[in-house]
Every structure is written in C-alpha cells, then in structure tokens.
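Take a look at the structure below.
Please treat every number below as a calculation from the coordinates, not as lab data. The shown structure was predicted, so the numbers you read here are calculated from the model rather than taken from an experiment. Cβ placement follows ideal geometry from the backbone for every residue including glycine, while neighbour counts extend to all protein chains displayed.
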C-alpha cells in the first residue's frame, strides 16, 4: 500500500506519467531495495520513515549498502 502512494507521489512530482516500461522498472527497483533492506535488518516501514525524515533515495541506498557491508 505504501509503495503505491510513493509511486503516485513520484509521478506527480515529475509531471508526465510513467510509461508501462518505466512503471515496471520502478516497481522492480523498489522491490529489490525492499528485499535487500530486509536482508540487512531495515524494514520497508523504516525505509519510508527515513525518506519522510528527509533522507534522499541515494542516501537510503548508501545506508542499506553500508548495513550490508557491516554484516559481511
């Protein structure tokens, strides 16, 4: 449910609606980020909270990557 509103927010922020292919790629990217996050102990709810608190998507990716490296 949270993912759908995030995709809608992205669409509204950048104007033109995503093509079907772009929408699929975006959904796959979000799914991969959620999967990796869960593997390193960061839940989707925590990710949403971090983004709502001002973390950017690149910063979130870096955070999840650092967590992954800590577990290795």
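If the segment from residue 24 to residue 67 were pulled out straight at 0.36 nm per residue, it would be longer than the present Cα-Cα gap by 12.8 nm.
Any idea how far apart residue 40 and residue 59 come out in nm if each label point goes 7 Å out from Cα toward Cβ? Those two pseudo-labels are separated by 1.6 nm. Put simply, when 37-50, 57-70 are sorted by average Cβ atoms within 10 angstrom per residue, most first, you get 37-50, 57-70.
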